[in-house]
Amino acid sequence: MASARRIRITADDFGWTLAHNRAVEQAVKANTLTHASLLCNGFAVEDAVLVARRNPQLGVGVHLTLCEGKPLSSDGALGELVDEHGAFHDGLQPLVMCYLRRKLPLAAIEHEWRRQIEHARSFGLTLSHLDGHKHVHLLPPLVQLACRLAREYDIPFVRASLESPSLAVLGRLPGWLVISSLALHAKRVIAEHGLTTADHFVGFTTSGGMTEEKLLSAIASASAGTTEIMVHPAEESVELAPLSERYPWATTYRFAAELSALCSPAVAAAIEKLAD
């Protein structure tokens, strides 16, 4: 049906900590969360796989990363993308500077992303999608790489984080303009590779703050086609402490509020109503 409205809700950072994994499982059981993106260099990847096995209705993809945490490859070829200890930098600035200077180590990035994808596949997972931690996969050379890998590994869907303009974007206007420009280009690349992406995307401007009210609004205002809603749920527990202590952004994220929104019976009912 041409006018059908479909909701795809994806939890990023699956496998980062046990707190993320427990939140994903609760949201799946609440009949709201449909997909989760596995951060393959996370602290709790093996536990995330157990969650996925217990909940086969959950689509699991790979959250391709080039920042935060340690790479899975260790040959040193990532150059400026890692620090003196061989770990990814906490922020995106080194990656962006390499891109602007046209010095991205593309062969090393391909090797690292292959390792991430193959690590997920080694657990027997059939991967549903690819996306990027902090949207890193949207950089023009990297979206080409992500799509090529998606085709090679038979992964049908790649995220394009193209959020429609609204008053909400004013709070993150510079970032939204950059991401929107990159996502427009990404949509064309994804189509050229014969892959799929969502018709609409929600979650950039509400990253870390997807409350029940905002989630209900996103569902109610969804246009015809598929709308992907990006969320970052986690239990507020001791496992989150290392993130809050290290990453300033983590102190602003409302992890528990996002989990509460996903577990809301009103949200589940709103999604079910669209399917009727």
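The table below lists the values:
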{"quantity": "Pick from the range 146-157, criterion in a helix (DSSP H, G or I) and surrounded by fewer than 20 Cβ atoms within 10 Å (Cβ to Cβ), ranking: farthest from the chain's Cα centre (by Cα)", "calculated": "E152"}
{"quantity": "In the range 20-44, the residues that are within 19 Å of L72 (Cβ to Cβ) and either surrounded by fewer than 20 Cβ atoms within 10 Å (Cβ to Cβ) or at pLDDT below 95 (or both)", "calculated": "F43"}
{"quantity": "Failed item, numbered, when V169 is tested on (1) surrounded by fewer than 16 Cβ atoms within 10 Å (Cβ to Cβ); (2) modelled with pLDDT under 95", "calculated": "(1)"}
{"quantity": "Test for T17: is it buried (at least 16 other Cβ atoms within 10 Å of the Cβ) and not aliphatic (A, V, I, L, M)", "calculated": "yes"}
{"quantity": "Residue within the range 176-186 that is under 23 Å from L100 (Cβ atoms) and touching a Cys at 6+ places or on another chain (Cβ under 9 Å) present", "calculated": "yes"}
{"quantity": "Test: residue in the range 65-80 that is of a type in the set (A, V, I, L, M) and in contact (Cβ under 8 Å) with a residue 60 or more places away in the chain", "calculated": "yes"}
{"quantity": "Candidates A186, A222, A270, A218, filtered to the one that is assigned to a loop (DSSP other than H, G, I, E, B) and surrounded by 18 or more Cβ atoms within 10 Å (Cβ to Cβ)", "calculated": "A222"}
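The values are calculated or read from the model by the stated rules, or taken from the named source; none is laboratory data. This one's a predicted model, so the numbers in the text were calculated from it and none came from an experiment. Cβ sites come from the backbone with ideal geometry, for glycine too, and all protein chains shown count toward neighbours.
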